[in-house]
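Data first, discussion second: the structure below is written as structure tokens.
The values are calculated or read from the model by the stated rules, or taken from the named source; none is laboratory data. Please read these numbers as outputs of a predicted model, since none were measured by experiment. Cβ atoms come from the backbone with ideal geometry, glycine included; neighbour counts cover every protein chain shown. Side chains included, ligands, DNA and RNA excluded: accessible areas come from the protein's heavy atoms. Shrake-Rupley method; radii C 1.70, N 1.55, O 1.52, S 1.80 Å.
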Amino acid sequence: MLKKLFAPTDMTKGTPWKSIAMFTFPMLIGNVAQQLYSTVDSIVVGQYEGKNALAAVGSSLPILNMLLVLFIGISVGASIMVAQYFGAKDRKKLSHSIGNCITATAISCIVLVLVATPFIRPILELLNTPKEIIDDCASYLTISLVGIAGMAFYNILSGIIRGMGDSFSALLYLLVATVINTVLDVWFVAGLGLGVSGVALATVIAQVISSILCLLKIARMKQYIDFGKEYLKPKAFYIRTLVKLGLPSGITQAIMSSAMIVVQALTNQFSTDFIAANVIIMRVDGFAMMPNISFGAAMSTYAGQNVGAGQYDRVTKGAKQGTIMAVICSTVITAIILIFGKGLMGLFTEEKPLVQMSYNLMLILAAGYIAMAVTQSLSGVMRGAGDTMTPMWISLITTVGIRVPLAYGISYLTRTPELPHGIKECIQISLVSCWVLGAIITAIFYARGKWKDKSLTGRQQ
């Protein structure tokens, strides 16, 4: 039984909702563990270094996320290719896909470190980062960027493993890394006094370990794939397919990260307390989003395998069941966070006004999490089927066309002598509006069914 849990799973058979639930559960735990990476970082620096250090970590994250968009694109493309070729039982293409993904990741890491490192501080200055936190921001980003290979390879390799239906192995390796990260966080910050730099270093070390474990797992999957030097050699077909599938998702993440950076510039105009409050919200927000992200990834793998096998009726049935489960799960977790929210936020700081501010802002976002359950699930189906363009356009419209203009518009229209930058709630109001509209548009495009014509294997409805 234990061996079966850690083996690839064929999701083209059995009851759809059971397959999705069995795949999603370990992913949900894994995503919670991954969220603990950044949450523990914030708790440790907030408790031992103060609110300025907490604000520094939070201000750095939008920029770090922007740097990771390339690997997110590769990860999505890898998952789709692996899921469809695994579903089609095409061993040769599956093996070449995995090898080419690994090579593309290695090359991308080298290029990114060389190109991006010199621009870290100029970007922080361009974003009006407060002087009291800019040095810590620069240290955090520099260490994270130099060690970005660990983050990149974990995301890509765990995506490959999940694409083959094995979400338990990825969970195990992530739990190991989370424990290592937590121990090192406390040691480096509280014990050695390394501050924000210690937090970044702990995360890099933990993620390098998790990526090595994932690579060893893939190398042992000899029953399903061939793994050797010949499969690591770049081939135009697989790189082109990887780019075709992953680029829209990478652009989507780039759009969202760019919007976060632009909004961060607006956020930086408010007080350091507000910046710190947003860091706390982002951490709790990460847990609220866990069901949505987990179901989205599960639906992508489920759809990919079944599209590869040509079972479109099964894809549609699973999409409905998976979305319903996602909405129910998101509703429950959102309710729990709202009930116990102040206690959760109190983990980051002992300053009660800061906790209250964070909780009040979190209330604005509540309905958006349920809307995102719909968006993530149906977008996952479309991506898994090979249609990565539609989710990209939806993200572009809602993020660039709605969120950013709305945030700045509310800020401008609510300016007073007492509030020279407008109401601080403009950040959260614009975000929840973006989420709700995105769910409506995604449901409409899913219902149109154009995603059914995008199969890599040629098996179309």
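Only residues that are buried (at least 20 other Cβ atoms within 10 Å of the Cβ), over 19 Å from the mean Cα position of the chain (by Cα) and under 17 Å from residue 429 (Cα atoms): list them for the range 383-402, please.
none
Filtering the range 414-436 down to residues that are among the aliphatic types (A, V, I, L, M) and surrounded by 15 or more Cβ atoms within 10 Å (Cβ to Cβ), which residue is nearest to residue 373 (Cα to Cα)?
Within the range 414-436, the match that is nearest to residue 373 (Cα to Cα) is 436.
From the list 13, 4, which residue is at pLDDT below 70 and either among the charged types (D, E, K, R) or open to solvent by 30 Å² or more (accessible area, probe 1.4 Å) (or both)?
4
Could you run through the range 131-154 and say how many residues are surrounded by fewer than 24 Cβ atoms within 10 Å (Cβ to Cβ), farther than 19 Å from residue 272 by Cα and not hydrophobic (A, V, I, L, M, F, W, C)?
Selection size over the range 131-154: 3.
Restricting the first residue to the range 20-32 and requiring it to be more than 12 Å from residue 166 (Cα to Cα) and small (Gly, Ala, Ser), which pairs with a second residue that is open to solvent by 30 Å² or more (accessible area, probe 1.4 Å) and in a helix (DSSP H, G or I) meet a Cβ separation below 7 Å and a spacing of at least six or different chains?
Partner pairs satisfying both residue conditions: 21/325.
Collect the residues in the range 165-189 that are farther than 14 Å from residue 214 by Cβ and modelled with pLDDT of 80 or more, keeping them in residue-number order.
178, 179, 180, 181, 182, 183, 184, 185, 186, 187, 188, 189
Are there any helices (runs of 4 or more DSSP H) wholly within the range 265-384 with 3 or more residues that are at pLDDT 85 or above and farther than 29 Å from residue 245 by Cα, and if so which?
312-345, 352-384
Taking the range 438-459, which residues are assigned to a helix (DSSP H, G or I) and open to solvent by less than 60 Å² (accessible area, probe 1.4 Å)?
If the condition is that a residue be assigned to a helix (DSSP H, G or I) and open to solvent by less than 60 Å² (accessible area, probe 1.4 Å), then 438, 439, 441, 442, 443, 446, 451, 452 are the ones that fit.
For the range 191-227, which positions are assigned to a loop (DSSP other than H, G, I, E, B), surrounded by fewer than 16 Cβ atoms within 10 Å (Cβ to Cβ) and without any contact (Cβ under 8 Å) to a residue 24 or more places away in the chain?
Scanning the range 191-227 gives 192, 193, 220, 222, 223.
Name the single residue, out of those in the range 80-115 being within 14 Å of residue 239 (Cβ to Cβ) and aliphatic (A, V, I, L, M), that is most open to solvent (accessible area, probe 1.4 Å).
107
For the range 155-177, how many residues are open to solvent by 10 Å² or more (accessible area, probe 1.4 Å) and polar (S, T, N, Q)?
Residues flagged as open to solvent by 10 Å² or more (accessible area, probe 1.4 Å) and polar (S, T, N, Q) within the range 155-177 amount to 1.
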